Structure formats: structure tokens, C-alpha cells
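Down below is the structure, laid out as C-alpha cells.
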Amino acid sequence: MRIIDEILKQVKEHKHSRSSEVLAGAVLSACGLPCKAFTLLSVSTRLDAQGKTLVAELMNIAQQPDFSNADQDAAIVKIKELMPHLLE
């Protein structure tokens, strides 16, 4: 899925930043997993306009033309590799 790929690329490039943690949490949430790093407050305070736009796209993930459960599963695996603490 384009939106997940775009976010995971950003997370990989900046995996030690708080904003990447929030974006990774947003992906987990969009995949049906709860994540403490992702709250509306964290979106409001830690993301710039581009990050907020990405989260808004994730909010409509099921309506994306390239929606795929397999891609969601792959995203969870990738986030486990990049930021395992988000799934503890």
C-alpha cells in the first residue's frame, strides 16, 4: 500500500525521532493494533503538517484503492524490526 510504504520509508530514515514513533504507531493502529505512542495528542504536538496529512490518509485506509490485509501484516512485521518497543 502506497501510504504504508511512504510512512515506513520515513520511519526507517528517522527511526530515532519522536515523530517517526508516532507515525509507526499510527500504522499499527491502522492495522488494528493498539499502540501507546499513537494518540491524538501526540499527532497534534509531534507531527508537522506533512505527518498529519499521512495520518489523515491512514484514517481512511480501508477506502484506499490499493488496500491490502497482506500489506498491513507486512507493515506490522517491519515495525517490529524497526521499533520493537512499540509492541511491548
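The values are calculated or read from the model by the stated rules, or taken from the named source; none is laboratory data. Owing to the predicted nature of the structure, the values given are computational and were not obtained by experimental measurement. Cβ placement follows ideal geometry from the backbone for every residue including glycine, while neighbour counts extend to all protein chains displayed.
Overview of results
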| item | result |
| --- | --- |
| Residue in segment 8-17 that is in contact with a Lys or Arg (Cβ under 9 Å, 6 or more places away or on another chain), modelled with pLDDT of 95 or more and of a type in the set (Lys, Arg) present | yes |
| Test: residue in segment 45-57 that is hydrophobic (A, V, I, L, M, F, W, C), in a helix (DSSP H, G or I), touching a helix residue (DSSP H, G or I) at 6+ places or on another chain (Cβ under 6 Å) and modelled with pLDDT of 95 or more | yes |
| Subset tally (residues that are without any contact (Cβ under 8 Å) to a residue 60 or more places away in the chain and either assigned to a loop (DSSP other than H, G, I, E, B) or not hydrophobic (A, V, I, L, M, F, W, C) (or both)) for segment 6-19 | 9 |
| Matching residues, segment 79-88, being surrounded by fewer than 18 Cβ atoms within 10 Å (Cβ to Cβ) and part of a helix (DSSP H, G or I) | Lys80, Glu81, Leu82, Pro84, His85, Leu87 |
| Flag for Lys12 being more than 16 Å from His85 (Cβ to Cβ) and of a type in the set (Lys, Arg) | no |
